[in-house]
1. Whole-Hz ³J(HN,Hα) for each residue in region B:189-204, computed from phi via Karplus 6.51 cos²θ - 1.76 cosθ + 1.60 with θ = phi - 60°, x for glycine and proline: what do you get?
2. Using only DSSP helix segments of four residues or longer, with each worth -39500 (n - 2.57), what per-residue ellipticity at 222 nm results for the protein assembly as shown after dividing by its residue count and rounding to 500?
3. Report the semi-axes of the equivalent ellipsoid for region A:105-199 in whole Å, largest first, where each axis is √(5λ) for an eigenvalue λ of the Cα gyration tensor.
4. Note the angle between two axes, namely the Cα long axis of helix B:142-163 and the longest principal axis of the Cα atoms of chain B, as a number of degrees from 0 to 90, rounded to the nearest 10.
5. On a C-alpha basis, how far is the centre of region B:147-183 from the centre of region A:38-111 in Å? Whole number, if you could?
6. For chain B, just the Cα atoms, rotate onto the principal axes and tell me the three extents in Å, largest first.
7. Run a plain Debye calculation on the protein assembly as shown (Cα atoms as equal point scatterers, no solvent) and give log10 I(q)/I(0) at q = 0.07 Å⁻¹, rounded to two decimals, same order as the q list.
8. For B:T329, enumerate residues with amide H under 5 Å from its amide H, sequence gap 5+ or separate chain, H modeled in the peptide plane.
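The numbers here are math on the coordinates, done by the rules we state, and not lab data. The structure presented is a predicted model; accordingly, all values stated were derived computationally and were not measured. Quick reminder, even Gly has a Cβ in these numbers, built from the backbone with ideal geometry, and neighbours come from all protein chains shown.
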Amino acid sequence: MKNKILFSVLTLGLLVVLATGCQKAPQVQMDLAKAAVDSAKNAEADTYIAAEFNAIQDSLNMVMTNIETINSQSFWKRNYKPSIAQLDAIVVASNAAVTNAVAKKEEVKAKVETSLTEAAALLAEDQALILKAPKGKEGKAALEAIQQDLTVIEASIAETTVLFNEGKYMAANDKISAAIEKANSIKQELNDAIAKYKKR
Amino acid sequence: MRKIVFFSLFLVVIAGSVLYLTGSVYAPKGPAKEAHAMEKSIAFARRQGASKYATKEFTECISLHRKTMAEWRAQNQLWIIRRDYSQLSNLIAQTTEIAVLAGKKAIEKSGSMKQFIEETQAHLIERDKYFTEKFRVLPLEMKTLKNHSEAHLLLKEAIEASDRGDLNSAYKKLIVAYEDFSELELTVRKKLDEYFESYPVWDKWYKHTVNKSKENKSYAIVVDKMAHECILLKDGNVVGRFEAELSLNWIGHKRQQGDMATPEGVYKITKKINHRNTKYHKALLINYPNDNDILNFEKSIREGLLSSSAKIGGLIEIHGDGGKGKDWTEGCVALANSDIDKLYAMVNTGTPVTIVGSLIPLQELFN
């Protein structure tokens with residue numbers, strides 16, 4: 001009877017030890033973390049908050065390496081708890097990156113929208129000023145040159161709209177900023193010419 | 001009997017466990033240190049922008065990294081004593097090597113791109129300024145002015161892209177802007193080169209005018225179109241310089257009526273017109289067309305360069321009502337009223353008027 005009890009306890013103990021040795025990597029958490037990083041990438045976090053996204057991607061890679069390192073070890077050494085905590089942190093950081101990327105993208109988008117409106121208004125203002133500008137022999141050639149500049153600005157606004165519709169907000173912002181600067185300098189030039197003409 | 005069965009089973013479990021534990025102890029270990037070094041190298045390359053500036057190497061690195069992790073997972077799924085990490089170690093070494101290379105290349109490329117962008121931006125800003133100040137004041141074709149505006153906008157876009165750290169975009173835009181500015185300058189310089197072919201003739205006319213003024217101890221007027229200057233000579237010396245405004249299409253000699261060009265040649269004042277008889281304050285009429293102009297005009301018609309119905313034009317004056325800050329006449333030379341007053345008081349009918357394209361050679365004007 002004594003042997004029977006001893007045998008049962010030892011067998012059970014060994015089965016427990018072996019079962020623990022077969023402990024699996026935290027697949028669910030790994031999949032969740034990978035999916036969260038993919039979501040951040042889909043939200044263009046790599047474009048709008050590149051540094052933040054790169055740090056998350058590097059953390060994920062490091063955790064995956066840690067998990068494989070653990071998987072390589074003997075069963076009694078395996079401890080996935082720190083990795084699970086890191087994976088959970090990656091999910092949190094990725095979700096925050098999605099929010100930040102969307103916010104940043106919206107910010108740039110709103111800026112381009114405002115700039116497009118501003119550029120169109122400036123263009124209209126410049127065209128109105130051309131009508132008021134001195135049109136004598138001395139003004140004709142200069143006004144023709146300004147009209148050429150305005151067609152270039154108009155084309156630039158059209159190209160910005162295309163980039164905007166394609167969701168390329170950063171490139172659109174570069175283009176419209178340059179167009180606004182040029183439109184403003186033409187406005188200044190026309191106002192100066194009109195003021196000079198009025199003084200005479 | 002039951003005891004024997006239980007005991008045998010017990011022995012099998014014990015033997016199995018001993019075998020497993022021994023295997024675990026002597027089984028090959030995963031290359032953890034090397035793998036961590038690999039991850040650090042990839043992170044470093046990523047931070048240096050290797051995906052943008054060493055795209056080929058970084059893509060290869062990422063692909064190798066995937067292979068490496070797949071190999072590791074595959075090995076880890078095997079029974080512990082059957083694992084072989086030699087292939088994995090090779091993959092890790094290769095991935096680390098390419099990651100280090102990608103990182104280094106990204107640093108080098110982004111560094112050289114930054115330097116190129118800074119230098120090219122500064123260079124093109126200067127060229128843009130030079131073009132605006134020196135060339136846009138010339139009577140250029142509308143197409144050339146439009147091309148300049150486009151190049152100017154492209155340069156500004158490149159500066160915007162560079163300011164937000166998008167070196168690739170800034171680089172590409174600057175390359176195009178550089179080519180555009182070069183083409184623009186080439187167009188203008190070609191026009192100027194053709195115009196300045198007459199420079200030796202202008203120089204001869206000028207020297208002749210100076211000598212005559214010296215010999216005759218008299219006044220003479222020289223108009224330098226490029227300098228937009230009307231120069232008054234007395235006894236061969238410069239005694240007055242007045243800012244002059246010219247016609248809308250002043251580069252080149254007047255060939256016919258309505259071409260909006262200011263003539264070039266050796267002329268003289270044929271009539272002094274006071275304020276009662278001109279709308280331009282005061283005027284000095286010159287003898288355009290002179291004999292040489294008439295000969296050239298007739299030759300051009302004979303050669304079919306001008307229409308047979310073309311007229312040579314006339315009524316070219318040095319007059320007042322200038323000071324507008326731009327070229328605007330139909331062929332005359334306009335001075336500010338205070339300047340024409342001074343000139344009018346000093347010169348007489350018969351005073352020589354020499355109109356030249358430039359008194360300074362092209363190389364000295366635009367370098």
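1. 5, 5, 4, 5, 4, 5, 5, 7, 4, 8, 4, x, 5, 4, 4, 5
2. -23500 deg cm²/dmol
3. Gyration-tensor ellipsoid for region A:105-199: 30, 12, 8 Å.
4. 30
5. Using only Cα atoms, the two centres lie 36 Å from each other.
6. Taking max minus min along each principal axis of the Cα atoms, chain B gives 149, 44, 35 Å.
7. Taken in order of the listed q values, log10 I(q)/I(0) reads -0.66.
8. Sorted by chain and number, the residues that satisfy this are B:L246, B:S247, B:L248.
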